[in-house]
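**Q** Pasting in a structure now, in structure tokens, and then I'll have a few things to ask.
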Amino acid sequence: MSCPYFQSQCPEGDVAEETGSCPQCSRVLKSCPACGTRNRAFANFCRSCRTRLPAASGNWLSHRGTVQRLGLNALPESQLGSQEGFEIKEEDLNLELGDPCRSLLGYDRHLIAISQSGTIEIRDPQVPTASLRFKAEGPVSCEPCIEGGVLYLGSPGRLTAYSLGALTLAQPRLAPHWQLRLPGTPVQALTVLGDHLYVTIVSPDMRREVLVVENLERKPPGAGRPLHGSAKLSWTAADPASQQLVFLSQQDESLQLHRVVHDGVRPDLATQPLAHIPYPLADNVPIAFLGGKIFGVFGDEEKLCRIDAASGELEQALGDDVKLFSLSQDSEGRWDGDGVQIFTHGIHFLRAARTDWFTPLERVVKGSPILLRGRAAVVGMLDGRLRVYDLARLPRYEQLRLTGASEPITALASFQNYLAVGNVKGVVKLLTLQGRPATA
């Protein structure tokens, strides 16, 4: 079958992977698992048999990668090169957004770079001439996400959805699919689970509240329905496998666990006290949800704790002074004991029980760390450097600067075998992590 893009001269060619490329025009091809038909990037259904197309492995769709908030590139370890180490190659793709890079996402091999003011640039690293840049209504006040080929953005008083499918037209464009008014400013990260979108807002009186926007396929969907409000709320996190969403709240000295289960009917909120957690909820630290366990940071000592989502029981305290963290999982979707913790004076690798201490002037900033399964851990530094630790040879790392100046890194993402990094000046670069050939 011919190339699905408007390039009739493209011949037949083999597609080696789930998401490959046309051998003539180099654009992304998505092969239907049912009939083998090749489809365009951002497509949700096969153009021939209407079978739903599976999501490509290695997408970076939300803050910290997925709605689970693990900070993990989901690409299988076998696709990240050999165990002989890796090399970092800088791609010929450099963006200048004009103001601080707020977020980086990766979908069907395309890089989506979003600035604080709402500038959005979308590029395919293998088709340098195909790009789209436009200005959304800003400023961007929360971490955006992509689900089902739709980009969701939040700004004060507004939630906007953009369909990415129009990027593959002969004249690419990106226009609002729908827009919804909100009774406050969205903050933290947007979370999509099924056909529901969860957004945390701050009202004019500074109270925080989680809203759910239902029936996302409607245009527009219904108004946001309040779920829970409190003086202090954690980020939301979800597990698509079990169709559950969780978040934590604190009002005065009372800690609560909130869980939403999608079981085919209208999802409702179940709340239970966290009576046995002896620490208050830390401010503005993401939680992660993995294998029925919630990982979050608590108390003045900033303890990273593992909590059972069903019982609310504290199962393990994993470390103190934790500013940021990432986690890995096994093939069955459970925590495999591996992860990275960033604390004030260094970085700690859980499975290896190794610590790399920073110098007094070194600091890690927002957007880190990222784990590439079994291969590397990536952190962005306040002085503009990017560190890529070799997990097989800790504490060895490769290091590079995004620019010649000491401009803090503000966003990181890892999709397929790419690393995307953006800084406070809006400079965005794309790197490739390549495995070294095995020695004889």
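Results for (1) more than 24 Å from GLY299 (Cα to Cα); (2) at pLDDT below 90; (3) among the aliphatic types (A, V, I, L, M), shown as yes or no for each residue.
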{"position": "ASP321", "(1), (2), (3)": "no, no, no"}
{"position": "SER326", "(1), (2), (3)": "no, no, no"}
{"position": "TRP335", "(1), (2), (3)": "no, no, no"}
{"position": "VAL340", "(1), (2), (3)": "no, no, yes"}
{"position": "HIS348", "(1), (2), (3)": "no, no, no"}
{"position": "VAL365", "(1), (2), (3)": "no, yes, yes"}
{"position": "LEU372", "(1), (2), (3)": "yes, yes, yes"}
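**Q** Tell me, which strands (runs of 3 or more DSSP E) lie completely within the stretch 254-300 with 2 or more residues that are closer than 17 Å to SER230 by Cα?
**A** Hits in the stretch 254-300: 254-261, 269-273.
**Q** Can you confirm whether the stretch 171-188 contains a residue that is surrounded by fewer than 18 Cβ atoms within 10 Å (Cβ to Cβ) and touching a His at 6+ places or on another chain (Cβ under 9 Å)?
**A** no
**Q** Out of everything in the stretch 249-302 that is small (Gly, Ala, Ser) and touching a residue at least 60 places away in the same chain (Cβ under 8 Å), what residue ends up being nearest to VAL322 (Cα to Cα)?
**A** So, considering only residues that are small (Gly, Ala, Ser) and touching a residue at least 60 places away in the same chain (Cβ under 8 Å), the one nearest to VAL322 (Cα to Cα) is GLY296.
The rows are residues; the columns are (1) over 18 Å from LEU197 (Cβ atoms); (2) buried (at least 17 other Cβ atoms within 10 Å of the Cβ); (3) in the same structural domain as GLU147 (by TED's automatic domain parsing); (4) in contact with a Gly (Cβ under 7 Å, 6 or more places away or on another chain).
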{"site": "ALA241", "(1), (2), (3), (4)": "yes, no, yes, yes"}
{"site": "GLN244", "(1), (2), (3), (4)": "no, yes, yes, no"}
{"site": "SER249", "(1), (2), (3), (4)": "yes, yes, yes, no"}
{"site": "GLU253", "(1), (2), (3), (4)": "yes, no, yes, no"}
{"site": "VAL260", "(1), (2), (3), (4)": "no, yes, yes, no"}
{"site": "ASP268", "(1), (2), (3), (4)": "no, no, yes, no"}
{"site": "LEU274", "(1), (2), (3), (4)": "yes, yes, yes, yes"}
{"site": "ILE277", "(1), (2), (3), (4)": "yes, yes, yes, no"}
{"site": "PRO280", "(1), (2), (3), (4)": "yes, no, yes, yes"}
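Here's the yes/no breakdown for (1) surrounded by 20 or more Cβ atoms within 10 Å (Cβ to Cβ); (2) touching a strand residue (DSSP E or B) at 6+ places or on another chain (Cβ under 8 Å):
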| position | (1), (2) |
| --- | --- |
| ARG387 | yes, yes |
| ARG393 | no, no |
| ARG401 | no, yes |
| GLY404 | no, no |
| THR410 | yes, yes |
| ALA413 | yes, yes |
| GLN416 | yes, yes |
| LEU419 | yes, yes |
| GLY426 | yes, yes |
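**Q** Hey, another quick one. Of the numbered conditions (1) outside any strand (DSSP E or B); (2) closer than 20 Å to ALA376 by Cα, SER326 satisfies every one except a single condition; which is it?
**A** Of everything listed in (1) outside any strand (DSSP E or B); (2) closer than 20 Å to ALA376 by Cα, SER326 misses just condition (1).
**Q** Inspect all residues belonging to the stretch 303-314 and state whether any of them is hydroxyl-bearing (Ser, Thr, Tyr), under 30 Å from VAL364 (Cβ atoms) and in a loop (DSSP other than H, G, I, E, B).
**A** Among the residues of the stretch 303-314, not one is hydroxyl-bearing (Ser, Thr, Tyr), under 30 Å from VAL364 (Cβ atoms) and in a loop (DSSP other than H, G, I, E, B), which makes the answer no.
**Q** Going by the structure shown, is LEU400 hydrophobic (A, V, I, L, M, F, W, C), under 25 Å from ALA189 (Cβ atoms) and out of contact with any Phe, Trp or Tyr (no Cβ under 6 Å at 6 or more places or on another chain)?
**A** no
**Q** Please find, among SER117, SER103, the residue that is surrounded by fewer than 21 Cβ atoms within 10 Å (Cβ to Cβ), among the polar types (S, T, N, Q) and farther than 14 Å from ARG27 by Cβ.
**A** Testing whether each residue is surrounded by fewer than 21 Cβ atoms within 10 Å (Cβ to Cβ), among the polar types (S, T, N, Q) and farther than 14 Å from ARG27 by Cβ leaves just SER117.
**Q** On the basis of being at pLDDT below 95 and either of a type in the set (Val, Ile, Thr) or touching a Ser or Thr at 6+ places or on another chain (Cβ under 9 Å) (or both), does VAL199 make the cut?
**A** So VAL199 does not fit the description; no.
**Q** Shifting gears a bit: Just need a number here: residues in the stretch 301-340 that are over 18 Å from ARG373 (Cα atoms) and polar (S, T, N, Q).
**A** Of the residues in that region, 2 qualify.
**Q** Condition first: modelled with pLDDT under 85 and touching a strand residue (DSSP E or B) at 6+ places or on another chain (Cβ under 6 Å). Can you find one or more residues in the stretch 266-275 that meet it?
**A** Within the stretch 266-275, one or more residues are modelled with pLDDT under 85 and touching a strand residue (DSSP E or B) at 6+ places or on another chain (Cβ under 6 Å).
The values are calculated or read from the model by the stated rules, or taken from the named source; none is laboratory data. If you're wondering where the values come from, they're calculated on a predicted model, not measured in any experiment. Here the Cβ is made from the backbone with ideal geometry for all residues, glycine too, and neighbour counts use every protein chain on show.
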